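Structure first, commentary second.
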Amino acid sequence: MLDLIELGLFITLLVVGFFAGSIVEKRHYASIRKREREYADVLAYAVRFPPDRVTPQRAFLVHGTVVISSDYFKTFVAGLRNLFGGRVRTYETLMERARREAMLRLKHHARSQGAKLVICVRFETTTISTGWAASIEVFAFGTALIPDHNTALSFPSRSVAAA
Amino acid sequence: MLVSNLELVPGRRILAHYGIVQGSTVRAKHVGKDIFAGLKNIVGGELKGYTELMQEARQEAVERMIAEAQSMGANAILNVRFATTSIAAGAAEILAYGSAVQLDGA
């Protein structure tokens, strides 16, 4: 009897996880796509050096972070995958959502400070917890640059070169 | 204080190096947040409480790093990196480190 209840609970959680999880994921992807179009004017690159090294620029650190959790169904499928190996598609979408979300938050941070260019973008991923409560954190950071033409006056030789 | 993960800032020269500066903080998970996160694990999605926790922790680590650089007389920290280490289940250290330097110009 107790085993039957346990099995019932497991199947219920699996079904709830599958349906609620797909809805959450679909909504998240829709929101990501919408905001990616909105933030298309903020450029983010992984390059270490700025394209223009002559013009003085105001530089500051910008970042975006998100902690995202797997759902019951995804975790179950990943557990099955562990037996045979191969691609774990349910986790691939989870990681992709987290990275794109962190990137969007980084761009939001940059634009809120008036920057349109972020360079030296790096990602850090941390496992918050594993097992049935699998969740990960993705942290994106980079340097926002704003051309600062006022400071150019204090570098006479450079402003001549820029002119 | 200029904080950046670039190795040099366009248009500005490095006048002096003060060496590495760092700031860190160790944070533990909140039981209440953990119970909520446990429920969230069924349906999936963002764990906002944890996002805030991580953000606050990084902020604190960066502030401590800045305080160390200021005590040295630096006006910028370049090449900033972050690292996260789990110490035990439910507790993690967040570290921020970089090079304290003196840049020319204001």
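Computed from the coordinates by the stated procedures, all read-outs in this text should not be read as laboratory data. The structure displayed is predicted, hence computed values, not measured ones. Here the Cβ positions follow ideal geometry from the backbone for every residue, glycine too, while neighbour counts run over all protein chains shown.
If you add up the charges near B:Val3, with Lys and Arg at +1 and Asp and Glu at -1, over every other residue whose beta carbon is less than 15 angstrom from its beta carbon, what do you get? Walk me through the intermediate numbers first.
Numbers: positive: A:Arg58, A:Arg122, B:Arg12, B:Arg58, B:Arg64, B:Arg81; negative: B:Glu7, B:Glu60, B:Glu63, B:Glu68.
Taking every Cβ under 15 Å from that of B:Val3, the sum is +2.
Which value, in debye to the nearest 20, gives the size of the charge dipole of segment B:2-103 about its Cα centre, when Lys and Arg are +1 and Asp and Glu are -1 at the Cβ?
Values: 10 positive and 9 negative charges, 24 e Å.
With only Lys, Arg, Asp and Glu charged at Cβ, the dipole is about 120 debye.
What are the ³J(HN,Hα) couplings of segment B:42-55, residue after residue, when phi is run through the Karplus curve with 6.51, -1.76, 1.60 and θ = phi - 60°? Round to Hz, x for glycine and proline.
In residue order, the calculated couplings are 6, 9, x, x, 6, 9, 4, x, 6, 4, 4, 4, 5, 5 Hz.
Could you point to the residue in A:Tyr91, A:Val118, A:Leu9 farthest towards the positive end of the protein assembly as shown's charge dipole, with +1 and -1 charges on the Cβ of Lys/Arg and Asp/Glu respectively?
The one lying farthest along the dipole's positive direction is A:Val118.
Can you compute the equivalent ellipsoid semi-axes for the protein assembly as shown, i.e. the square root of 5 times each eigenvalue of the Cα gyration tensor, sorted largest first and rounded to whole Å?
Working: eigenvalues 369, 88, 34 Å².
Sorted largest first and rounded, they come to 43, 21, 13 Å.
If you add up the charges near B:His30, with Lys and Arg at +1 and Asp and Glu at -1, over every other residue whose beta carbon is less than 13 angstrom from its beta carbon, what do you get? The partial results should precede the final answer.
Details: positive: B:Arg27, B:Lys29, B:Lys33, B:Lys48; negative: B:Asp34, B:Glu52, B:Glu56.
Result for the local shell: +1.
With no solvent and one point on each alpha carbon, what is the Debye value of log10 I(q)/I(0) for segment A:2-162 at q = 0.11, 0.15, 0.18, 0.21 Å⁻¹?
Each listed q corresponds, in turn, to -0.59, -0.87, -1.08, -1.28.
Can you order the peptides B:15-28, A:93-106 by their average number of other Cβ atoms within 10 Å per residue, highest first? All intermediate terms of the calculation are to be shown ahead of the outcome.
Numbers: B:15-28: 15.2, A:93-106: 20.5.
Listed from highest to lowest mean packing, they are A:93-106, B:15-28.
Taking all pairs of distinct Cα atoms, average 1/r, flip it, and tell me the Kirkwood hydrodynamic radius of segment A:15-56 in Å to one decimal place.
13.6
Each residue of segment B:72-82 in order: what ³J(HN,Hα) in whole Hz does its phi give by Karplus 6.51 cos²θ - 1.76 cosθ + 1.60, θ = phi - 60°, with x for Gly and Pro?
With the stated coefficients, segment B:72-82 comes to 8, x, 7, 10, 7, 10, 10, 6, 6, 10, 10 Hz.
Using a 10 angstrom cutoff on alpha carbons, build the Gaussian network for chain A and name the most mobile of A:Gly64, A:Gly86, A:Gly131.
For chain A, modelled as a Gaussian network with Cα springs under 10 Å, the answer is A:Gly86.
What residue among A:Ile23, A:Ile32, A:Ile136 shows peak mean-square fluctuation when chain A is described by a Gaussian network model with Cα springs under 10 Å?
Answer for the Gaussian network model of chain A: A:Ile23.
Find the relative contact order for chain B and round it to a whole percent, using C-alpha pairs within less than 8 Å whose residues are 6+ positions apart. Walk me through the numbers on the way to the answer.
Values: 182 pairs, mean separation 50.5, N = 106.
Computed value for chain B: 48 percent relative contact order.
Using a Gaussian network for chain A with springs between C-alpha atoms less than 10 Å apart, which of these wobbles most: A:Phe19, A:Phe123, A:Phe141?
Answer for the Gaussian network model of chain A: A:Phe19.
Where does chain B land on Rg/Rh, using Cα atoms and the Kirkwood Rh? Write out the running numbers ahead of the final one.
Numbers: Rg = 17.4 Å, Rh = 15.4 Å.
That ratio equals 1.13.
Cross-link list A:Lys34/A:Lys107; A:Lys74/B:Lys40; A:Lys116/B:Lys48; A:Lys107/B:Lys29; A:Lys26/B:Lys29; A:Lys107/B:Lys33: which exceed 24 angstrom alpha carbon to alpha carbon? Don't skip to the end; give the middle numbers.
Numbers: A:Lys34/A:Lys107 14 Å; A:Lys74/B:Lys40 13 Å; A:Lys116/B:Lys48 27 Å; A:Lys107/B:Lys29 28 Å; A:Lys26/B:Lys29 29 Å; A:Lys107/B:Lys33 28 Å.
In this structure, A:Lys116/B:Lys48; A:Lys107/B:Lys29; A:Lys26/B:Lys29; A:Lys107/B:Lys33 lie more than 24 Å apart at Cα.
What translational diffusion coefficient, to the nearest whole µm²/s, does segment A:63-150 have by Stokes-Einstein, given a Kirkwood radius computed over alpha-carbon pairs, a temperature of 4 °C and 1.567 mPa s viscosity?
Values: Rh = 14.5 Å.
D = 89 µm²/s.
Whose amide H sits under 5 Å from the amide H of A:Ala44, counting only residues 5 or more places off or on another chain, with H placed in the peptide plane?
Counting only residues 5 or more places away or on other chains, the set is A:Val118.
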